[in-house]
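Each remark here refers to the structure printed beneath this line.
The values are calculated or read from the model by the stated rules, or taken from the named source; none is laboratory data. This one's a predicted model, so the numbers in the text were calculated from it and none came from an experiment. Glycine gets a Cβ as well: all are built from the backbone with ideal geometry, and neighbour counts include every protein chain shown.
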Amino acid sequence: MVSMRPALVTGGSGFIGSYICRALAEVGWRVHGAFGRHEEHVPPASRIRSVHVDLARSGSIARVLDSIRPHLIVHTAAMSALKDCEQRPEMARLVNTKATADLADWCRQNDAHLIFFSTDQVFDGSEGSYSESDPPSPIHVYGRTKAEAEERVLESGATASVLRLSLVYGPSPGGQRSHHEQVLLAVRQNERLRFFSDEYRNPILAADVAAVVVELAAMEGLGLLHLAGPDRMSRVDFGRAILRAFGHEHVDFDTVTLAEANMMPRRPPDLSLDTSRARGLLTRTPRGVRDGLGLLAAEESRLA
Ligand SMILES: NC(=O)c1ccc[n+]([C@@H]2O[C@H](COP(=O)([O-])OP(=O)(O)OC[C@H]3O[C@@H](n4cnc5c(N)ncnc54)[C@H](OP(=O)(O)O)[C@@H]3O)[C@@H](O)[C@H]2O)c1
């Protein structure tokens with residue numbers, strides 16, 4: 001148990017950040033969960049306090065850092081909707097790149113530890129099985145702003161880990177943020193489901209991401225690290241697995257290719273990640289989709 005040192009979790013009101021707030025508080029960190037617009041999504045717990053920050057404004061970030069003086073910053077907050085980033089590239093650059101650079105600089109100057117959340121979307125998806133030595137090749141604004149943020153962190157001289165995450169699933173604050181929730185919601189509302197046949201990811205359970213962060217928080221910065229589940233899956237297979245785990249295997253769905261869906265911006269097809277480096281360095285390893293979804297379904301029927 002660490003001794004009540006202060007940690008700042010940006011995006012403490014977000015899907016993944018809310019898990020990280022709880023997990024760090026459980027091992028003894030005094031957690032400050034930062035929110036932008038949704039204070040009510042910061043988990044209520046005795047060792048978690050909510051704090052407002054506007055990541056688009058350096059002054060707001062500086063004020064929060066100077067009042068909390070965190071030993072650890074877990075930076076999960078981001079503008080992560082692809083379409084939103086295309087429509088407001090300057091805001092995406094401020095929130096995703098500039099704010100990250102500000103946090104990294106503060107960590108270097110104040111000897112604090114930074115764990116920064118990046119994404120598999122820094123790749124163009126033409127190859128798949130990407131390792132940390134593959135150069136980023138982003139094809140949209142979101143990917144570019146995150147790739148630039150990674151660079152700023154890695155060049156800052158701060159003690160840092162940069163986690164490139166794959167698709168995350170699990171219950172979220174608000175109940176609609178994660179992919180598995182959206183599938184189940186569509187089933188409940190009798191909406192027709194549609195899954196991509198040629199988009200590949202390695203889904204990872206949100207609780208497993210948080211467990212890795214707890215382990216990383218007690219280590220030195222590890223630099224760039226791919227964090228993903230062991231199963232490389234198409235969206236169709238993941239959708240099918242979700243339906244099966246929750247007893248909806250009879251539900252029919254449409255299958256489309258990314259080209260047929262013709263989305264703006266274009267989405268990278270194969271974003272599967274090679275996670276050998278993380279497996280070699282960490283004791284906590286993310287579970288497979290079958291176990292992860294099984295756990296969620298069991299939890300749901302226990303609460304029903
Ligand atoms: N979810 C995934 O499958 C996935 C996959 C790969 C990588 N990632 C990365 O993992 C991280 C967390 O993702 P997530 O799914 O948890 O995101 P999320 O649920 O969309 O949460 C985003 C968080 O960022 C905060 N935020 C956004 N703009 C802000 C601003 N201007 N000022 C202050 N806070 C702001 C939001 O606060 P409010 O809601 O309070 O406004 C929210 O807490 C992101 O960096 C993302 O790029 C996620």
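Of all residues in segment 222-274, those satisfying the criterion of being assigned by TED's automatic domain parsing to the domain that holds V183 and at positive phi are G247, N262.
Identify all residues within segment 187-210 that are of a type in the set (A, V, I, L, M, F, W, C) and farther than 29 Å from D124 by Cα; write none if there are none.
As a first pass, look at segment 187-210 and keep what is of a type in the set (A, V, I, L, M, F, W, C): 187, 193, 195-196, 204-207, 209-210.
Within segment 187-210, just V187 meets the criteria.
Are there strands (runs of 3 or more DSSP E) fully within segment 1-66 with at least 1 residues that are in contact (Cβ under 8 Å) with a residue 60 or more places away in the chain and within 22 Å of L163 (Cβ to Cβ)? List them. Answer list for segment 1-66: 6-10. Taking the criterion of being more than 13 Å from the ligand (Cβ to nearest atom), hydrophobic (A, V, I, L, M, F, W, C) and either closer than 20 Å to H41 by Cα or surrounded by 15 or more Cβ atoms within 10 Å (Cβ to Cβ) (or both), the residues of segment 52-72 that qualify are L65, I68, L72. Contact annotation: residue pairs with Cβ atoms under 6 Å, 6 or more positions apart or on different chains, pairing a residue in segment 77-91 that is more than 13 Å from the ligand (Cβ to nearest atom) with a partner that is in a helix (DSSP H, G or I), are E86/V141; P89/V141. Exactly one residue out of A104, A99 is within 11 Å of the ligand (Cβ to nearest atom), crowded, with 18+ Cβ neighbours inside 10 Å and more than 22 Å from L205 (Cα to Cα), and it is A99.
Over 27 Å from L82 (Cβ atoms), touching a residue at least 60 places away in the same chain (Cβ under 8 Å) and either surrounded by fewer than 20 Cβ atoms within 10 Å (Cβ to Cβ) or touching a Lys or Arg at 6+ places or on another chain (Cβ under 7 Å) (or both) - does that describe any residue in segment 268-279?
Yes: segment 268-279 contains one or more residues that are over 27 Å from L82 (Cβ atoms), touching a residue at least 60 places away in the same chain (Cβ under 8 Å) and either surrounded by fewer than 20 Cβ atoms within 10 Å (Cβ to Cβ) or touching a Lys or Arg at 6+ places or on another chain (Cβ under 7 Å) (or both).
Against the numbered list (1) in contact with a Phe, Trp or Tyr (Cβ under 8 Å, 6 or more places away or on another chain); (2) touching a residue at least 40 places away in the same chain (Cβ under 8 Å), S234 comes up short only at (2). Between R194, R244, R277, the distinction of being at pLDDT 95 or above, assigned to a strand (DSSP E or B) and among the basic types (K, R) belongs to R194 only.
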